[in-house]
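Only one structure is covered here, and it is reproduced in the block below.
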Amino acid sequence: MEPVDVTVVDTLNEPWQDFPVPAINANLEHVPLLDDPETGTMAVKMVYRAGFVNTWHTHPCGHGMYVLEGTLRTHQGDYGVGSFVWFPEGGTMEHGATDDADCTFLFITNKAFDIHHVGSAHG
């Protein structure tokens, strides 16, 4: 048996890249970790700057956020360092950072990522 080649990303030294979200005129910062073309699974290290909220939206994929620094603010509450928050696909949600601090997190999808912003929690 042949050992596999592992992929390693030094997230402390990789440069942040732009992650544009045109529907809300936002440009988020991220470090790409994994983009699997076969399954669509994606993993990135991302930061929401203090006060940023990704307003009501939905995704055709489930996604999880593991909080590394700060507090993740969601429509259901706030979650601190070490929390893993899973958002099922298809539901309507809001999430972002608190007003007083950035929130850095690991963002993972279960299939190809897409986002659709809506006017309210009821679409």
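Note on ARG49/PHE84: beta-carbon distance plugged into 1/(1 + (r/R0)^6) with R0 of 30 Å gives a FRET efficiency of 0.90.
Normalised by the number of residues in the chain, the mean separation of alpha-carbon contacts (under 8 Å, six or more apart) gives a relative contact order of 29 percent. Once backbone amide H atoms are built at 1.01 Å from N, GLY51 has ALA97, THR98, ASP99, ASP100, ALA101 as its partners under 5 Å, excluding neighbours fewer than 5 places away on the same chain. Let me know the shape class of region 18-116, please: from the alpha-carbon gyration tensor, a ≥ b ≥ c as square roots of the eigenvalues, rounded when a/c is under 1.5, otherwise prolate if a/b is greater than b/c, or oblate. Rounded, since a/c falls under 1.5.
For the chain, the Cβ-based charge dipole about the Cα centre amounts to some 420 debye (Lys, Arg positive; Asp, Glu negative; other atoms uncharged). In the chain, a dipole from Cβ-located charges (positive for Lys and Arg, negative for Asp and Glu) runs towards its positive end, and of LEU34, LEU72, THR109 it is LEU72 whose Cα lies farthest in that direction.
Once the Cβ-Cβ distance between ASN27 and VAL6 is put in as r, and R0 is 30 Å, what FRET efficiency do you end up with, to the nearest 0.05?
0.45
Taking GluC sites (Glu not before Pro) across region 1-78, the ones in a DSSP loop with at most 12 further Cβ atoms lying within 10 angstrom of their Cβ are GLU38. Only one residue of HIS57, VAL47, MET1 has its Cα farthest out toward the positive end of the dipole of the chain, where Lys and Arg carry +1 and Asp and Glu -1 on Cβ, and that residue is HIS57. A simple spin-label model places pseudo-atoms 7 Å from Cα toward Cβ; at THR41 and ASP114 they are separated by 2.1 nm.
Since every read-out is calculated from the coordinates, none of them should be taken as a lab result. Since we're looking at a predicted model, the values are computed, not measured. In this analysis, Cβ positions are derived from the backbone assuming ideal geometry, glycine residues included, and neighbour counts consider all displayed protein chains.
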